[in-house]
1. How charged is the neighbourhood of TYR25? Take every other residue with its Cβ under 15 Å from the Cβ of TYR25, and add Lys/Arg as +1 and Asp/Glu as -1.
2. Given a Förster distance of 56 angstrom, what is the FRET efficiency for ALA482 paired with GLU562, based on the Cβ-Cβ distance and rounded to 0.05?
3. Nearest 10 degrees is fine. How inclined is helix 432-449 to the longest principal axis of the chain, computing both from alpha carbons?
4. Please compute the contact order of the chain in relative form: average sequence separation of alpha-carbon pairs under 8 Å and at least six residues apart, divided by the residue count, as a percent.
5. Grab the alpha carbons of segment 386-535, take their convex hull, and tell me the volume per residue in Å³.
6. Assuming 0.36 nm per residue, please report the length gained on full extension of the stretch ALA410 to TYR150 beyond their Cα-Cα distance.
7. How big is the accessible area of VAL264 in square angstrom, nearest 10, if you roll a 1.4 angstrom probe over the protein chains?
8. What is the helix-to-structure angle for 221-252, meaning the angle in degrees between its Cα long axis and the longest Cα principal axis of the chain, kept from 0 to 90 and rounded to the nearest 10?
Amino acid sequence: MAVVQRVAHETATHHHEPTSFWRKYVFSLDHKVIGIQYLATSFLLALLGGLLAMGIRLALGWPGQRWPLLGALFPSAFPNGVISQGFYLNLVTMHGTIMIFFVLSTALTGGFGNYLIPLQIGARDMAFPLLNALSYWLFPIALIPLLATYFVPGGGPVSGWTAYAPLSAVPQAAPGSGAGQTLWLISLAILIVAFLFGSLNYITTVLQLRARGMSMMRLPLTVWAMFITAIISLLSFPVLLAAAIMLLFDRHAGTSFFLPAGAVIGGRVIEAGGGDPLLWQHLFWFLGHPEVYILILPAMGMVSDIIANNARKPIFGYPVMVLSVAAIALLSFLVWGHHMFVSGMHPMLGTAFMITTLIIAVPSAIKTFNWLATLWGGKIRFTPQMLFAIGFVSLFVTGGLTGLVLGNPAVDMYFHDTYFVVAHFHFVMGSASLFAIFAGLYHWFPKMFGRMLDERLGRLHFWLALPATYATFFPMHFAGIAGMVRRIYSTELYGFLGGLEGLNRFVSIAAFVMFAAHMVFVVNVVYSLVRGRRASENPWRATTLEWSVPSPPPHGNWGDREVEVHRWAYDYSVPGAPDDFVPQHVPAEVGVTARARS
């Protein structure tokens, strides 16, 4: 009854549809517009982050090579046509920062979360539309100081996306440690506030604005994943926000949270009061490891829905899938120490973190087995979104297996800070999340824009991208085993890396192919927005609520209609049903009785 009253109140108080261009498409309060704004901004930044990665691969594939055109365009970054060491470190720092915080986090939670949560739970909008719009607009505001780092004395930051102290705490430590590092911290702090606004909104919306009949155990797994991700964000991001503010105090207010007494940096003794740089590592990784799941849980939820829809089968083990997401979220707060095995940690403490790290593999494996069980015996449609969803599972498993290796302190101490780690997280966090984003875009693009993406271009995109992704990141395991350290400027710096020139050149060429493969998607989007086939209300014959409204949905989503849910989200191939799917809003007495889960 309480949910019904809340829905009635929401219907009565929902904001009216704006008529001006600026209020409708720019400063909109509509969750769908805000979601698309998040996705569009994230994709523009993905292009920038991808170009920065190409710069990294250019340096590693052809160390010392002169590039006259780049030297003419960027004379300070490419003096005499050769990439400088300082700019190389800046490329590494900005690539990691942009891709992790400004692309993957924002696209998955900000983009898909905003667009899908109200539609999939039967709400007209988010609980706090104004706070939602403010959350988005803090995103481009955070970009301003980040991009401004390129125009300040000393240039952009060079301390990596982890910004380890004391390098990041001392403005004189290196070129880029000055104003560039300060702006980086300000940018991150603003973005974290945006994430917190969004998380508050998602949690409140899911708890308070569900349609009549939409119990928690009838929620699609996408909503479950977004809901639990919001809880993780709300608990972990404030820790990094506090750390960033403390680091700013160290840099500009004379405090010494992260600066040890007597530290010598650049041949100069730093005047400090006895802080500890390890404190930064603890605070950073308390957010840093949950951040992995902030990226991967929404991906898992979306992939679950897409696999069930395209296998034409109910998702296997729905309650266990929900419990697995919750278990991963809980355990994600207990594993941060495995990033610090080489920090002088007591072996007993290292063993404790090893145990929690290995335990978190259990719910992850359960989800994988359930996806495979869902596929087993299904009438699989190999649509582009299904191909990318299967690609997600493949990349996640590949990266997850090396995570088990790195969870062992004795092994991790050898692989720490090498390209083995780079390969691991680019599989499990970077590539897997990116494939889930593409799966989601191919699946929900018709709903967002009312036009179908071209399926031939979609399949071409996948069959170019998956092999290129493996060709790029899998050889990095061998580079790591050979001792190639991450963020190294050139393999020519150490004699023992002398045999890795060919491998690095191969990886660089594969990376260029991967980047080009993703450009096929850009072409597809532009072509389909103009010439794409008109999308019907439910082109994928799906069961969840967003497919019961026109494509694209109107302002307020449901008009005067009051949404009522009668079954769970996965009634596919129900015995006795006239069709192979029964939408959630169809009453149980119409056509066929809902499955037991509903």
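1. Net local charge, TYR25 excluded: +1.
2. Given R0 = 56 Å and the Cβ-Cβ separation, E is 0.30.
3. 40
4. 15
5. Details: hull volume 15.5 nm³, N = 150.
Value for segment 386-535: 103 Å³ per residue.
6. This chain segment gains 89.6 nm when fully extended.
7. Accessible area of VAL264: about 100 Å².
8. 30
The values are calculated or read from the model by the stated rules, or taken from the named source; none is laboratory data. Quick caveat, the model's predicted, so the values are computed rather than measured. Every residue, glycine as well, gets a Cβ built from its backbone with ideal geometry; the counts of neighbours run over all protein chains shown. When the accessible area is computed, the model is the full protein with side chains, heavy atoms only, and any ligands, DNA or RNA have been set aside. Shrake-Rupley method; radii C 1.70, N 1.55, O 1.52, S 1.80 Å.
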